[in-house]
Structures are given as C-alpha cells and as structure tokens.
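K.L.:
Got a structure here, written out as structure tokens. Questions coming.
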Amino acid sequence: MSEPKDIAEQFADLSCLYEITKSLASSTDLKDCLAKAMKTIDSMKNMENGTVTIINPLTGNLEIEVAHGINAEGRKRGKYQIGEGITGKVVASGDPIIIPHIAEEPLFLNKTRARGNLNKQARSFICVPIRGGKQVIGALSVDKIYRNGISEQADADLRFLTILSSLIAQTTHRIQSVNEEQEELRVENLKLKRELSEKNKINDIQGNSSRMQEVYEMIHRVVDSNATVLLRGESGTGKTLVAKALHYNSRRKEKPFIVVNCSALPETLLESELFGHEKGAFTGATERKSGRFEQAEGGTLFLDEIGEISHAVQVKLLNVVQERTFQRLGSAKSISCDVRLVAATNRDLESAVQDKSFREDLYYRLNVFPVYMPALRERRTDILLLAEYFLEKYSAENMKSIKRISTPAVDMLIQYHWPGNVRELQNCMERAVLICDGDTIKGIHLPPTLQTSDSIDSGRNPLSLSSAVENFEKDIIIEALKTNRGNQTKTAKYLDTSLRIINYKIHQYNIDPKKFKIKAK
C-alpha cells in the first residue's frame, strides 16, 4: 500500500522542481529567482523559513542571500563564520545535516530569531551545502514540522533539497557569468567609444574615475547638438574646461568661443556686454558696440556663473534663448543669432527659483541638458592622476626636473578634503614645484592646510622648524623602507644608522614597515 504513496510523493517533488526550474531559468536577477524558489517549496512542500546563505568573498563570512518568511532585521542578524552553528558546520564540512528537534540542539544558534519559542513545536531543520564546482559556496536550509516524528520522509526531503541546491548552484553560476559578460561588454563599449570617437578625446580634462567617465559620456552625447547645456557643480570642478570641450570637439570648433563671467560685471554693463549697444544709448556710449552674442555668431557662448544675473538681464536672456533674436541697447531692430549656449553655475538654481531670485521659465530653458561636475572628494581615484599631470606641467614651465611625488605626500593629497576642488589641487602642485629643489615632491613642500594629524602632531605649528624636520625625516625613512621592501636592517644600513634608531623612529612616526613588503608571487 506504500507504493502509490511513494509515487505520489515523487510526483509532487517533480512538480515542485519543475515550478522552481521555470523560475530559475527565466530570471536574470539572482535574489528574485531564489526568493521565488523558497516561496514555492514553502507552498508545495511545507518547508518553512527557506534560506540561501552564501559566502561573502570580501569578508569570508556566511551571509543570508534570501530567506522566505524572515524579516529584513532577521536576515541582517543571520551572519555566520564558517564552522559556526549548523549552517557554518555544513559549509565547512560539505556534508548535509538533519536536526530532528532544533530546540534540543545546542549548535542551533537561531540568530534570525524568526521561530519564536522553539520548545512549542517539534520543529526539524535540514541544511545542505551548495557547491560551485569542487568548492562549497554556501548552504540551503529549511524548517520542517513532521507530525509523526522524523521518518523516511526526512531522507526524501534531504534528497530533494540536495537536487535543489545543485540547481541553485548552476543558476548562481549562470547569472554571475551573464552579469560579468554584460559588465565587460559595457566597459568595452565605453572604451571603444572613447578610443574610436575623436570627439570623445578631450584634452586638458584629466580623470579615469567612474564619475568622470559619466561626464565624458554626457559630453559625447550632446557635443554635436545645438541643445543648451547647463553645467552644475562646485567652484573649481572644471566647468570651464567642459565648456571648451563642448565647443572644440563640435562642428562649431572653427567658429568663436566666447566667455562671459556674469558675476564679474554689474547689471548695466553686463547687458551691454551681452547684447551690445548703439551710439548714444547711454552716457559714455560714444560709438556702436557689438555684444558677445554677435561676436559668438556660429560658435559657442559660455555664460559662467549664470545664477548671478539680475531679473532684468534674465528677461532679455530668456528672449534670446527662446527666439534666437536680441536687440542692442538703444535699438528697436531685432538681430538673429546662431549661437550654441553653454551656461554654468555653482548655485542651487532650484532653491533660487523657489525664492524668486531666478526666473522659473529661464531655468527650464537653460536646464535642457544638465551635466553635473563631481567634486574632487567624490573622485578620489583621480587625485594622484591630476597631481602627476600638474607636476609634469609646472615642472616643464619652470624648467625643473621633478620626477615623482613621495608616498607620504601622496597620502596627504589623498586624505585631504579639497574644498577648492581641482583648482585648489592645481595651485597646491604649482606651489610645491616652485619650492622643491630636489627630484621628489615631499610632504614639506605641500601647503600647511594639508598637514594633517597623521603627518604632524596635532596642535603644533606646521610651519615650525621641528615639524618640518620631522616631516623630512619621516619621508626619508618611508622612501628607504620602500627601496628595501620593508626590511628594517637593510633600511638602517641604507641610511647609515643603527637598527635601534630606525626601530625607534618607525615607532615614533607610526610607520608600518609591512606595507612596503612585496609578497612572492
């Protein structure tokens, strides 16, 4: 009489696996398809709290990827070291485990706290390893309540979960491979665009960070259009360089590139500067003058600090942006213009619109294609690249042979918050080149603002002789450790001093020699 029951159970298992396989095969989102699988085994197999735990490659710990019936807080708590608890033991050994009654098992840690009082029910726990090739990459676990106690049904459930874990491993490998291929294609596509498109080769703009790659891509998309571009970002982030790139890489590159700093001119003078004036238009207008819109005909007009212009100028500028016509001061004649308009601001224009200091209609006309320039602190991977670029530039200008930046100086550059952005870094490197007499920029050549508590004792005058000597001494020791791959005995000989003194100085300046050791490959 048991044979029909076994067949029915096998059929139920196959039906469940079929539904799960459909979910796993149709999705490219790992968490989504695993969550569906755990939901399916709950509804079709009465397996509660289905959980997939995966080894985090960065921490080496086990972390919950999905857990059906367990809240977000519980999932966060569900972290294990390999070998810890039942799940950690399964991953460490590679063998499945069945716990008949988890309330009686001391190794069951219940970190997720999802089960309430364990003594109220005879709740069993089944955990099987998930293998990626020959390695165990995680574990699949479920709760099951067996009304008649542990029986052959538990062994059947174990076999079912082992098959399911194999499907999960295959799906994980497939989705990871697809995602890796898509990422490689995206990077390669971006690289080809940058290499093959002449207009995407932008001189004077330095940076390989992901934030700057986004800026390059935006420039590439809009460079040959006539759309108005609004450059947003803090002062010193390079908005003027981007405006030049938009012009000199476009079809208008043979025509004029005209720059107007709107914050540097008073209202009456700015209006005349932009639109020109007729003779006698105002006191002092002794002759006709063409404005910047006329001078930029066929080319690009860059309006820097656009957020500073007055309401009167905003009204006239709106007319030019909408109609592409303007009038000189003192004239009723409309002049048509063909000008690519690029504007820039470091102001929060949205707030300015709300407080009525900037016209809403002009804002929408200018904000056709916004490009956000990241602050230097948001693209720290570019700091060293920019520093070396400015080092080479100013070394050549000042006819100096400065080859490199010392490790302590690099650390100071990376750690600084750069409120003045790229412009501040540029000035910093120019200063360093001017006062450097050797072939290496050291920490003492950088401005006092960069002298952090890591480079000198906090509270001390960075310009004092003792601080300068300490910085110089620290630089020398670090460079010697680098040369000798962290070997302190060789470093002492290299600097013609004793090992005791080197050890004392290393401790005094909090230098870690292990950082300079090169491991054998």
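K.L.:
Looking only at segment 77-108, count every residue that is closer than 18 Å to Gly50 by Cα and out of contact with any strand residue (DSSP E or B) (no Cβ under 8 Å at 6 or more places or on another chain) and tell me the total.
P.N.:
2
K.L.:
Let me ask something else about it. Pairs under 9 Å by beta carbon, first residue on the phi > 0 side of the Ramachandran plot and in the same structural domain as Val66 (by TED's automatic domain parsing) in segment 150-165, partner at pLDDT 85 or above and not in a helix (DSSP H, G or I), six or more apart or different chains?
P.N.:
Between residues of segment 150-165 that are on the phi > 0 side of the Ramachandran plot and in the same structural domain as Val66 (by TED's automatic domain parsing) and residues that are at pLDDT 85 or above and not in a helix (DSSP H, G or I), there is no close pair.
K.L.:
Quick check on my filter: what residues within segment 255-268 are at pLDDT below 90 and either touching a helix residue (DSSP H, G or I) at 6+ places or on another chain (Cβ under 8 Å) or more than 22 Å from Gln314 (Cα to Cα) (or both)?
P.N.:
Result: Cys262, Ser263, Leu265, Glu267.
K.L.:
Tell me which residues, restricted to segment 152-172, are of a type in the set (Ser, Thr, Tyr) and more than 20 Å from Glu48 (Cβ to Cβ). Steps first, please.
P.N.:
At the first step, the residues of segment 152-172 found to be of a type in the set (Ser, Thr, Tyr) are 162, 165-166, 171-172.
Correct list: Ser166, Thr171, Thr172.
K.L.:
Limited to segment 272-297, what total is found for residues that are in contact with a strand residue (DSSP E or B) (Cβ under 9 Å, 6 or more places away or on another chain) and on the phi > 0 side of the Ramachandran plot?
P.N.:
The total comes to 1.
K.L.:
Can you name every residue in segment 126-151 that is among the polar types (S, T, N, Q) and under 13 Å from Gly50 (Cα atoms)? Can you show your working first?
P.N.:
Initially, segment 126-151 is screened for residues among the polar types (S, T, N, Q), giving 135, 141, 148, 151.
Within segment 126-151, Ser141 is the sole residue that qualifies.
K.L.:
Check Arg186, Arg159 and return the single one that is surrounded by fewer than 16 Cβ atoms within 10 Å (Cβ to Cβ), part of a helix (DSSP H, G or I) and at pLDDT 85 or above.
P.N.:
Working: Arg186 fails: at pLDDT 85 or above.
Unique residue meeting the criteria: Arg159.
K.L.:
Okay, next question. Of Thr21, Thr40, which residue is over 19 Å from Gly132 (Cβ atoms), hydroxyl-bearing (Ser, Thr, Tyr) and touching a helix residue (DSSP H, G or I) at 6+ places or on another chain (Cβ under 7 Å)? Show your work before the answer.
P.N.:
On the way: Thr21 fails: over 19 Å from Gly132 (Cβ atoms).
Exactly one residue qualifies, and that residue is Thr40.
K.L.:
As an exercise: evaluate Asn71 against (1) under 21 Å from Ser43 (Cα atoms); (2) in contact (Cβ under 8 Å) with a residue 60 or more places away in the chain and give the number of the one condition it does not meet.
P.N.:
Asn71 satisfies every listed condition except (2).
K.L.:
Sticking with this structure for a sec: Which of (1) closer than 26 Å to Ser395 by Cα; (2) at pLDDT 75 or above; (3) assigned to a loop (DSSP other than H, G, I, E, B) is the odd one out, the single condition Gly486 does not satisfy?
P.N.:
Checking Gly486 against (1) closer than 26 Å to Ser395 by Cα; (2) at pLDDT 75 or above; (3) assigned to a loop (DSSP other than H, G, I, E, B), the one that fails is (1).
K.L.:
Got a sec? Which of Arg347, Arg328, Arg340, Arg292 is in the same structural domain as Val222 (by TED's automatic domain parsing) and more than 17 Å from Asn261 (Cα to Cα)?
P.N.:
After ruling out the rest, the residue left standing is Arg328.
K.L.:
Okay, moving on. Just to be sure, is Arg221 at pLDDT 85 or above and either of a type in the set (Lys, Arg) or in contact with a His (Cβ under 6 Å, 6 or more places away or on another chain) (or both)?
P.N.:
Working: at pLDDT 85 or above: yes; either of a type in the set (Lys, Arg) or in contact with a His (Cβ under 6 Å, 6 or more places away or on another chain) (or both): yes.
Yes.
K.L.:
Continuing with the same structure: Would you tally the residues in segment 408-436 being crowded, with 18+ Cβ neighbours inside 10 Å, within 22 Å of Asp475 (Cβ to Cβ) and either out of contact with any strand residue (DSSP E or B) (no Cβ under 9 Å at 6 or more places or on another chain) or hydroxyl-bearing (Ser, Thr, Tyr) (or both)?
P.N.:
Matching residues across segment 408-436 total 7.
K.L.:
Here's another thing I want to ask about it. Please give the number of the condition His247 fails out of (1) closer than 20 Å to Ser357 by Cβ; (2) surrounded by 17 or more Cβ atoms within 10 Å (Cβ to Cβ).
P.N.:
(1) is the only condition that His247 fails.
K.L.:
Next question. Identify, please: which residue in segment 101-134 is under 21 Å from Thr162 (Cβ atoms) and at pLDDT below 85 and is, among those, surrounded by the fewest Cβ atoms within 10 Å (Cβ to Cβ)? Step through it out loud before you land on a result.
P.N.:
Going through segment 101-134, the residues under 21 Å from Thr162 (Cβ atoms) turn out to be 102, 105, 107-108, 123-134.
With the extra rule that they be at pLDDT below 85, the set shrinks to 102, 105, 107-108, 123, 132-134.
Details: Ile102: 20, Glu105: 17, Leu107: 13, Phe108: 20, Arg123: 21, Gly132: 16, Gly133: 8, Lys134: 6.
My answer is Lys134.
K.L.:
Moving to a separate point now. For segment 313-362, which positions are more than 20 Å from Gly291 (Cα to Cα) and touching an Asp or Glu at 6+ places or on another chain (Cβ under 8 Å)? Walk me through it before giving the result.
P.N.:
To start, the set of residues in segment 313-362 that are more than 20 Å from Gly291 (Cα to Cα) comprises 345-362.
Thr345, Asn346, Arg347, Val353 - these are the residues of segment 313-362 that are more than 20 Å from Gly291 (Cα to Cα) and touching an Asp or Glu at 6+ places or on another chain (Cβ under 8 Å).
The values are calculated or read from the model by the stated rules, or taken from the named source; none is laboratory data. Keep in mind it's a predicted model, so treat the numbers as computed, not measured. When we count neighbours, we look across all protein chains shown, and the Cβ atoms used for this are built from the backbone with ideal geometry, even at glycine.
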